[in-house]
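This report refers to the structure that appears directly beneath it.
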Amino acid sequence: MKIQIINGPNLNMLGIREPEIYGTLTLNEINRRIEEHAKPLGIELSFFQSNHEGAIIDKIQECFGQANGIIINPGAYTHYSIAIRDALAAVGIPTVEVHLSDINSREDFRKISVIKNVCVKQIWGKGVHSYLEALEYLSK
Ligand code: DQA
């Protein structure tokens, strides 16, 4: 099974960025944790991060016919990118939406996810474990 991990804008700043909200792990450290978790599940992973909406859409489109699942943390695009939502709907690959922080207990604008309805599951507020749970969900 092949799973594409996609991280959106500002997630390359993890470790530095608002650690009281997002924790102290860097994106590389998170990716290593995901890798360790994927091994016994027999999952092959690819990692991608971009600060650019179009690049994220290109990557989602590239997944068509290539990946069996997508785990996406679209960062702030979660709350308003209809284009990312449409790309996920277009490829029809089972996708889990993940967030490090609890988007439901922060500013009101974070409570809205425009991609939620095209995802098979939404996991938030568990730090790196949001990604690990997503892996387990897709591997079943
Ligand atoms: C985030 C939550 C978003 O609201 C925010 O814009 C992010 C990160 C999270 O992982 O908690 O960039 O997706």
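The values are calculated or read from the model by the stated rules, or taken from the named source; none is laboratory data. These numbers were taken from a predicted model, which means no experiment stands behind them. Quick reminder, even Gly has a Cβ in these numbers, built from the backbone with ideal geometry, and neighbours come from all protein chains shown. Heavy atoms of the whole protein, side chains included, go into the accessibility calculation; ligands, DNA and RNA do not. Shrake-Rupley method; radii C 1.70, N 1.55, O 1.52, S 1.80 Å.
Assorted remarks:
- If you go through region 24-71 and pick out every residue that is farther than 24 Å from S81 by Cβ and surrounded by fewer than 18 Cβ atoms within 10 Å (Cβ to Cβ), you end up with 14.
- Residue among S105, S130, S113 that is within 12 Å of the ligand (Cβ to nearest atom) and either open to solvent by less than 10 Å² (accessible area, probe 1.4 Å) or basic (K, R) (or both): S130
- Here region 2-19 is the region considered, the condition is being assigned to a loop (DSSP other than H, G, I, E, B) and more than 11 Å from the ligand (Cβ to nearest atom), and the residue that is surrounded by the fewest Cβ atoms within 10 Å (Cβ to Cβ) is I16.
- Where I57 falls short, out of the listed (1) within 19 Å of S130 (Cβ to Cβ); (2) touching a residue at least 24 places away in the same chain (Cβ under 8 Å); (3) among the hydrophobic types (A, V, I, L, M, F, W, C): (1)
- If the condition is being out of contact with any strand residue (DSSP E or B) (no Cβ under 9 Å at 6 or more places or on another chain) and within 21 Å of M13 (Cβ to Cβ), then region 104-131 contributes R106, E107, F109, R110, G125, G127, V128.
- Output for region 85-138, where each listed residue is in contact with a Gly (Cβ under 8 Å, 6 or more places away or on another chain) and not in a loop (DSSP other than H, G, I, E, B): T95, V96, I103, N104, S105, V128, L138
- Scanning region 32-50 for residues that are more than 17 Å from Y137 (Cβ to Cβ), outside any helix (DSSP H, G or I) and out of contact with any strand residue (DSSP E or B) (no Cβ under 9 Å at 6 or more places or on another chain) gives no hits.
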